[in-house]
Amino acid sequence: MMEGRPPTTKPTYIFKVPVAGDGAVGKTSLIVRYTQGTFTDTY
């Protein structure tokens, strides 16, 4: 046993990805689709 050592955990990564493009082309829909798995085609 390894007493006195903290438990091993995986590191958490945070990525910030800029999304550039013209207005009203679906940038937000693309991000929502990737992060939440849903797609809204009407706003």
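Every read-out reported here was derived from the displayed coordinates using simple, explicitly stated rules and does not represent laboratory data. On a predicted model such as this, the values are computed, not experimentally measured, just so you know.
Given the -39500 (n - 2.57) contribution per DSSP H run of 4+ residues, what per-residue ellipticity at 222 nm results for the chain, rounded to the nearest 500 deg cm²/dmol?
Result for the chain, helices only: -7000 deg cm²/dmol.
When the distances between all Cα atoms of the chain are binned every 5 Å from zero, what whole-number percent does each bin get?
Each 5 Å bin holds this share of Cα pairs: 5, 15, 17, 15, 10, 7, 6, 6, 7, 5, 3, 2.
If I stretch the segment between Y13 and V25 completely, what's the gain in nm (0.36 nm per residue apart, minus their alpha carbon distance), one decimal?
That pair, Y13 and V25, stretches by 1.5 nm at full extension.
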